[in-house]
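The values are calculated or read from the model by the stated rules, or taken from the named source; none is laboratory data. Model, not experiment: these values are computed from the prediction. Neighbour counts run over all protein chains shown; Cβ positions are idealised from the backbone, glycine included. With ligands, DNA and RNA removed, areas are computed over all heavy atoms of the protein, side chains included. Shrake-Rupley method; radii C 1.70, N 1.55, O 1.52, S 1.80 Å.
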Amino acid sequence: MRIIGGRHRGRKLAEFAGEDIRPTADRVKESLFNILSAKVIGASVLDLFCGSGSLGLECISRGADFVHFNDISKDSLAVLKKNLACVKEEGTVTNCDYLACLNQTVFKYDLIFIDPPYRFEYGAPALEVIARRGLLNDGGVAIYERDRAFGGQIEGLEKFDERKYGKTYLSFFRKI
């Protein structure tokens, strides 16, 4: 796993051991950031299920102004902190449940990454809180990564794009 663009391009990131972890594949990440390229510079970002911090670190490397990393796992945050130190960057780091994070944050974001473990259905509830609390700035995008297409509706948000890369689906939402 590595940073694929920006000032830290090519930097290898610390990874988790074990088979239960599913980082976003480099080719999916590259496609995602090709889609988001104009939105990253100067952005405020929430990496809601940050894991090792790969998505948020990619944003930092590409010029985001502010990245909020959140994960419920202390092991994940230990890997994230190694990766932040490796690139000599900082971000806001919280260790809480995704709903607590969304309900407690005082920020609005330009980009929100929702990449929970595929076996859990956390994406729709997260999107509902994002819409209800108005956590996206005007022009902001929430990106939900999962192993199947998103078939539901979220009041206050519009799914305006969806892409499939192998077994990975990226669903893009904006406020209406």
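A search for C-beta distances below 8 Å between a residue of the stretch 119-139 that is under 15 Å from Gln153 (Cβ atoms) and any residue that is of a type in the set (Lys, Arg) and open to solvent by less than 30 Å² (accessible area, probe 1.4 Å), counting only pairs 6+ apart in sequence or on different chains, returns Gly123/Arg146. Listed by position, the strands (runs of 3 or more DSSP E) contained in the stretch 100-169 that have at least 1 residues being open to solvent by less than 50 Å² (accessible area, probe 1.4 Å) and closer than 14 Å to Leu46 by Cα are 109-114, 136-146.
Quick check on the stretch 37-45. Is at least one of its residues out of contact with any helix residue (DSSP H, G or I) (no Cβ under 8 Å at 6 or more places or on another chain), of a type in the set (Gly, Ala, Ser), on the phi < 0 side of the Ramachandran plot and modelled with pLDDT of 95 or more? Yes, because at least one residue in the stretch 37-45 is out of contact with any helix residue (DSSP H, G or I) (no Cβ under 8 Å at 6 or more places or on another chain), of a type in the set (Gly, Ala, Ser), on the phi < 0 side of the Ramachandran plot and modelled with pLDDT of 95 or more. Within the stretch 5-36, the residues that satisfy the criterion of being within 21 Å of Tyr169 (Cα to Cα), modelled with pLDDT under 95 and touching a helix residue (DSSP H, G or I) at 6+ places or on another chain (Cβ under 7 Å) are Pro23, Thr24, Lys29.
For the stretch 67-78, a tally of residues being in contact with an Asp or Glu (Cβ under 9 Å, 6 or more places away or on another chain) and open to solvent by less than 50 Å² (accessible area, probe 1.4 Å) returns 6. Among the residues examined, Ile72 qualifies as assigned to a loop (DSSP other than H, G, I, E, B), touching a residue at least 12 places away in the same chain (Cβ under 8 Å) and of a type in the set (A, V, I, L, M). Of the residues examined, Tyr118 is one that is among the hydroxyl-bearing types (Ser, Thr, Tyr) and closer than 17 Å to Leu48 by Cα.
Of all the residues in the stretch 48-68, those that are of a type in the set (D, E, K, R) and either assigned to a loop (DSSP other than H, G, I, E, B) or within 16 Å of Gln104 (Cβ to Cβ) (or both) number 2. Candidates Ser52, Ser61: the one that is in contact with a Phe, Trp or Tyr (Cβ under 7 Å, 6 or more places away or on another chain), of a type in the set (Ser, Thr, Tyr), crowded, with 16+ Cβ neighbours inside 10 Å and without any contact (Cβ under 8 Å) to a residue 60 or more places away in the chain is Ser52. None of Lys39, Lys81 is assigned to a helix (DSSP H, G or I), in contact with a Gly (Cβ under 8 Å, 6 or more places away or on another chain), farther than 17 Å from Glu145 by Cα and open to solvent by 20 Å² or more (accessible area, probe 1.4 Å) except Lys39.
Here Leu127 clears all of (1) closer than 25 Å to Glu30 by Cβ; (2) touching a Ser or Thr at 6+ places or on another chain (Cβ under 7 Å) except the condition numbered (2). Within the span defined as the stretch 84-96, one or more residues are in contact with a strand residue (DSSP E or B) (Cβ under 9 Å, 6 or more places away or on another chain), of a type outside the set (Phe, Trp, Tyr), open to solvent by less than 20 Å² (accessible area, probe 1.4 Å) and closer than 16 Å to Glu15 by Cβ. Scanning the stretch 31-58 for residues that are among the hydrophobic types (A, V, I, L, M, F, W, C) and closer than 24 Å to Arg119 by Cβ turns up Leu32, Leu46, Leu48, Phe49, Cys50, Leu55.
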